Amino acid sequence: MNVEALFEIQKELDEKITQKHGLRGMDLISKKILALQVELGELANETRCFKFWSVKPASARDVILEEYVDALHFVLSIGLEGGFKDNVLLGRDETTHEDLTDAFLRMFDRIATFAQKLDVATYIDMFDALLDLGRALGFSWAEIEQAYLQKNEVNHQRQEHGY
């Protein structure tokens, strides 16, 4: 996964949104953090990993992947807003055996920690937790990157058509 390219692509979308909605100079980190938490909740809901009381299966893999990249969009956008993009290094290719529910809980914890201490170390921990969640969901880097690019195009179209 070329994270530098994803940051650049996200920057274009963020600029479009900033321009269109008159947001220049506004601090949007808290709004982006809440949006990330909401997207993460939507992702958890699609996986149904915590719904021990239900026999209904998880949503289709492509639906889950799309929700995952929605969260990735906000993690990238937060990194841009906070000036952390130059500090993210990918390359870990560790297999995770983490329970999916635990992976979600860890991601929520890392978001909360970042919200309290907006620094590069907590941002990297949050980004790593998202990558670990992607592995726990069974997604490859290539799948994530392709889905991100597709959803980014949708997000650009939405901005052009009054979303």
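The values are calculated or read from the model by the stated rules, or taken from the named source; none is laboratory data. Note that the structure is predicted; figures quoted are calculated from it, not measured. As a convention, Cβ positions derive from the backbone with ideal geometry for all residues, glycine included, and neighbour counts pool all protein chains shown.
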Seminar exercise, completed: Within region 121-146, of all residues that are of a type in the set (S, T, N, Q) and assigned to a helix (DSSP H, G or I), the one farthest from A35 (Cα to Cα) is Q146
Exercise. Would you call F84 modelled with pLDDT under 95 and surrounded by 13 or more Cβ atoms within 10 Å (Cβ to Cβ)?
Worked result: yes
Exercise. Being within 16 Å of L131 (Cα to Cα), modelled with pLDDT of 95 or more, part of a helix (DSSP H, G or I) and of a type in the set (A, V, I, L, M), is that true of even one residue in region 24-41?
Worked result: yes
Exercise. If you check every pair at least six apart or on different chains, which have Cβ atoms under 7 Å apart with a residue in region 1-22 that is farther than 13 Å from S77 by Cβ first and a residue that is in a helix (DSSP H, G or I) and modelled with pLDDT of 90 or more second?
Worked result: M1/W141; M1/I144; M1/E145
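For every residue, the table says whether it meets (1) at pLDDT 95 or above; (2) buried (at least 19 other Cβ atoms within 10 Å of the Cβ); (3) touching a Ser or Thr at 6+ places or on another chain (Cβ under 6 Å); (4) aromatic (F, W, Y).
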| residue | (1), (2), (3), (4) |
| --- | --- |
| E67 | yes, yes, no, no |
| D70 | yes, yes, no, no |
| V88 | no, yes, no, no |
| H97 | no, no, no, no |
| T101 | yes, no, no, no |
| R110 | yes, yes, no, no |
| T113 | yes, no, yes, no |
| Q116 | yes, no, no, no |
Exercise. Can A129 be described as within 12 Å of the chain's Cα centre (by Cα), more than 27 Å from K16 (Cβ to Cβ) and either exposed (fewer than 15 other Cβ atoms within 10 Å of the Cβ) or in contact (Cβ under 8 Å) with a residue 12 or more places away in the chain (or both)?
Worked result: yes
Exercise. Is it the case that region 42-59 has a residue that's exposed (fewer than 13 other Cβ atoms within 10 Å of the Cβ) and either of a type in the set (V, I, T) or within 19 Å of Q157 (Cα to Cα) (or both)?
Worked result: yes
For this session: Looking for whichever is over 12 Å from the mean Cα position of the chain (by Cα), in a helix (DSSP H, G or I) and in contact (Cβ under 8 Å) with a residue 24 or more places away in the chain here; the options are L149, L105, L118. Which one fits?
Result: L149
